[in-house]
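What follows draws every value from the coordinates through simple rules; no lab data is involved. Everything numeric in this text was worked out from a predicted model, so none of it was measured. Backbone-built Cβ (ideal geometry, glycine too); neighbour counts: all protein chains shown.
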Amino acid sequence: MTTETKLEFGTTAWIDALGDVFRAAIEGAGESAGSITFSISELYTDVPAHISSAGQAGWACRITDGQVAFQHAADPSADIVIESDWATVKPLARIVVDGDPGRQAEIDGMMAEAIESGRMRVEGDITAFPEAIGTVHDEIARRTG
């Protein structure tokens, strides 16, 4: 039995793995992915210095007609833009939902509290994820240490 190495949240290696997960999800969707046009971006602030000397890390994924463009920088023009401090979002990034309503409620509650307290900002419709990338969170959460 092999186990994947856990990656520290927000690192370059973690963001690379996230890009791979998005690409695999779209590839796995087959022909139905050709009709997907969607973008999402996240920016993490107050990032530990060993992850980013600038104190920020981010990424953006833009899917156009089933083609994935992924970058190591936030994109404020994305359909969904999430900005949060690193310490707030790190625990969320590690929760594997696997269809469990209790775990989903846990994530939803943590996000709602973070938004209400001003530690997280979300622009766009967070529920508008195309079905083809619905597993991305769980896949990267399994790899997040």
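Figures for the structure shown
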quantity: Size of the chain as Cα extents on the principal axes (Å, biggest first); calculated: 40, 40, 34
quantity: Antiparallel %, DSSP beta bridges [both residues in the chain], to 5; calculated: 70
quantity: Dipole magnitude of the chain about its Cα centre (Cβ charges: Lys, Arg +1; Asp, Glu -1), debye to nearest 20; calculated: 380
